[in-house]
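**Student:** One structure, pasted below without further comment.
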Amino acid sequence: MTNAEGGPVPHVIEAVRWSPTGDAVRIIDQRRLPGEYVERDLRTLDEVRDAIATLAVRGAPAVGVAGARGLVASLVVYAGESTARFAERMRAHAATIRATRPTAVNLPWAIDRMLERAERERARDPRALVAALREEATAILEEDRAMCRRIGEHGEALIAERSRVLTHCNAGALATGGIGTALAPVYVAAERGRAVAVYADETRPLLQGSRLTAWELARAGIPVTVLTDGMAASLMRERGVDLCIVGADRIAANGDTANKIGTYALAVVARHHGVPFYVAAPSSTIDHAAPNGEAIVIEQRGAEEVRRGFGTLTAPEDVAVYNPAFDVTPAALISGFVTDRGIVRPPFDFRGWNAA
Ligand code: MRU
């Protein structure tokens with residue numbers, strides 16, 4: 001595979017970074033994978049919002065990082081404005097980006113952190129403020145990278161030699177600033193010479209599992225097998241899976257967890273077959289203000305994603321469609337959380353967890 005200009009695809013996946021000139025956010029356009037590797041630079045508020053809404057950049061931590069960096073990029077050209085006008089614009093851009101996708105808590109978390117930094121720097125002129133915000137957005141990504149690594153270090157203990165791990169959606173390098181969350185333990189175990197194989201749920205309707213997880217694992221030389229979501233039960237009955245590890249978009253204080261639609265079904269099936277079910281996530285995904293899953297807003301997406309997902313009509317043109325992007329897995333179905341602070345076992349209580 002080559003990139004859009006015919007050049008090599010970089011060895012290290014960086015889902016979100018600064019453009020070389022520093023005035024834009026550079027993302028890998030995940031809508032084009034696995035067929036094409038294309039990077040895009042986001043400069044304007046519309047470009048940032050559109051990239052997040054259409055899942056060009058996706059995955060809870062990556063969306064948080066892209067939101068923070070996108071905020072900076074969208075403000076660069078306005079740094080010549082008066083301090084008051086600039087502050088007003090910054091708040092408006094922040095509110096727009098914050099509202100782009102409602103479920104992953106990493107996005108409001110990152111945007112609020114940017115606004116808190118701006119508040120601390122409020123005496124400074126817009127140019128100095130942009131520089132301070134850039135520093136904050138850089139720190140958000142660097143901290144995420146470090147948290148991913150720690151998730152991997154803690155979680156690799158779960159992966160014995162010849163483990164077969166089932167995952168859902170994509171919670172790998174493409175979804176974060178580092179080596180991923182659910183895939184981090186797999187990468188670290190493989191790095192340490194352990195044989196590990198992954199089953200990737202296709203993940204209807206946008207196929208993040210077959211398009212993205214399979215792509216990044218295959219590039220890393222980790223054996224990966226794709227199955228459609230409805231096949232997981234049968235695979236478990238055949239004793240083909242040792243453990244499940246999935247990511248998370250928002251974890252409530254009691255451990256109820258929102259993640260890609262289909263995760264809940266997988267957890268039910270895993271419990272039925274006695275397969276351990278782990279959620280891997282950084283502290284920035286914990287929402288201690290949400291007491292339980294009922295407080296989590298689930299994003300509803302358009303009908304066309306199901307009726308005509310990748311161009312072909314797969315349901316009658318005007319049929320009604322149910323298309324929530326996420327579901328909530330009750331804490332009772334979760335064997336443990338693999339976090340940057342270690343593995344957390346039941347009973348879960350994330351009150352007081354703070355990402356900072
Ligand atoms: O709609 P997406 O692709 O952004 O959904 C992503 C997921 O559900 C991931 O599992 C989650 O964000 C964790 S990513 C480390």
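**Student:** Which one, Leu42, His168, Ala303, projects farthest toward the positive side of the charge dipole computed for the chain from Cβ point charges (K/R +1, D/E -1)?
**Tutor:** His168
**Student:** I need the P(r) histogram for the stretch 132-229: all alpha carbon pairs, bin width 10 Å from 0 out to the longest distance, whole percents.
**Tutor:** So the P(r) values, bin by bin, are 18, 45, 27, 9, 1.
**Student:** Kindly express, to the nearest 10 degrees and within the range 0 to 90, the angle between helix 83-98's C-alpha long axis and the longest C-alpha principal axis of the chain.
**Tutor:** Approximately 20 degrees, to the nearest ten.
**Student:** Take His272, His154 and order them by how many other Cβ atoms sit within 10 Å, fewest up front.
**Tutor:** Ascending Cβ contact count within 10 Å gives the list His272, His154.
**Student:** Would you please put 64-73, 121-130, 214-223, 195-204 in order of how densely packed they are, using the mean number of other Cβ atoms within 10 angstrom per residue and starting with the highest?
**Tutor:** Packing order, densest peptide first, comes out as 64-73, 195-204, 214-223, 121-130.
**Student:** Kindly rank 247-259, 141-153 from highest to lowest mean number of other beta carbons found within 10 Å of each residue.
**Tutor:** The densest-packed peptide leads the list: 247-259, 141-153.
**Student:** For the stretch 203-356, compute Rh as the Kirkwood radius over C-alpha pairs and then the Stokes-Einstein diffusion coefficient at 37 °C and 0.692 mPa s; write the answer in µm²/s, rounded to an integer.
**Tutor:** 195 µm²/s
**Student:** Follow-up. Using the Cα centre as the reference, give the magnitude of the dipole from point charges on the C-beta atoms of the chain (Lys, Arg: +1; Asp, Glu: -1; all else neutral), rounded to the nearest 20 debye.
**Tutor:** The dipole of the chain has a size of about 340 debye.
**Student:** Also, quick follow-up: Grab the alpha carbons of the chain, take their convex hull, and tell me the volume per residue in Å³.
**Tutor:** Hull volume over Cα atoms, normalised by residue count, gives 136 Å³.
**Student:** Taking every eigenvalue of the Cα gyration tensor of the stretch 16-148, multiplying by 5 and rooting it, what semi-axes result, largest first, whole Å?
**Tutor:** So the three semi-axes of the stretch 16-148 are 24, 15, 14 Å.
**Student:** Could you sort 273-285, 293-305 so that the peptide with the highest average Cβ count within 10 Å comes first and the rest follow in order?
**Tutor:** 273-285, 293-305
**Student:** Taking the 0 to 90 degree range and rounding to the nearest ten, how far is the long axis of helix 126-155 tilted relative to the main principal axis of the chain, both from C-alpha atoms?
**Tutor:** Its long axis makes an angle of about 10 degrees.
**Student:** Work out the charge dipole of the chain with +1 on the Cβ of Lys and Arg and -1 on the Cβ of Asp and Glu about the Cα centre, then indicate which of Gly240, Gln30, Val130 is farthest towards its positive end.
**Tutor:** Result: Gly240.
**Student:** Can I ask one more? Give me the dipole magnitude in Debye, nearest 20, for the stretch 154-344 about the Cα centre, with unit charges on the beta carbon: positive for Lys and Arg, negative for Asp and Glu.
**Tutor:** Its charge dipole is roughly 500 debye.
**Student:** In the Gaussian network model of the chain, springs joining C-alpha atoms below 10 Å, which of Val77, Val328, Val241 carries the largest mean-square fluctuation?
**Tutor:** Highest fluctuation among the options: Val77.
**Student:** Using only helices, what value at 222 nm comes out for the chain when you add -39,500 (n - 2.57) per DSSP H run of length 4 or more and divide by the total residues, to the nearest 500 deg cm²/dmol?
**Tutor:** Counting only the DSSP helices, I get -10500 deg cm²/dmol.
**Student:** Give me the angle, in degrees from 0 to 90, between the Cα long axis of helix 60-75 and the longest principal axis of the Cα atoms of the chain, rounded to the nearest 10.
**Tutor:** The two axes meet at around 10 degrees.
Taken together, the values in this text are just the output of simple stated rules run on the coordinates, not laboratory data. Note that this is a predicted model, so its numbers are computed, not measured. Glycine also receives a Cβ, built like all others from the backbone with ideal geometry; neighbour counts cover every protein chain displayed.
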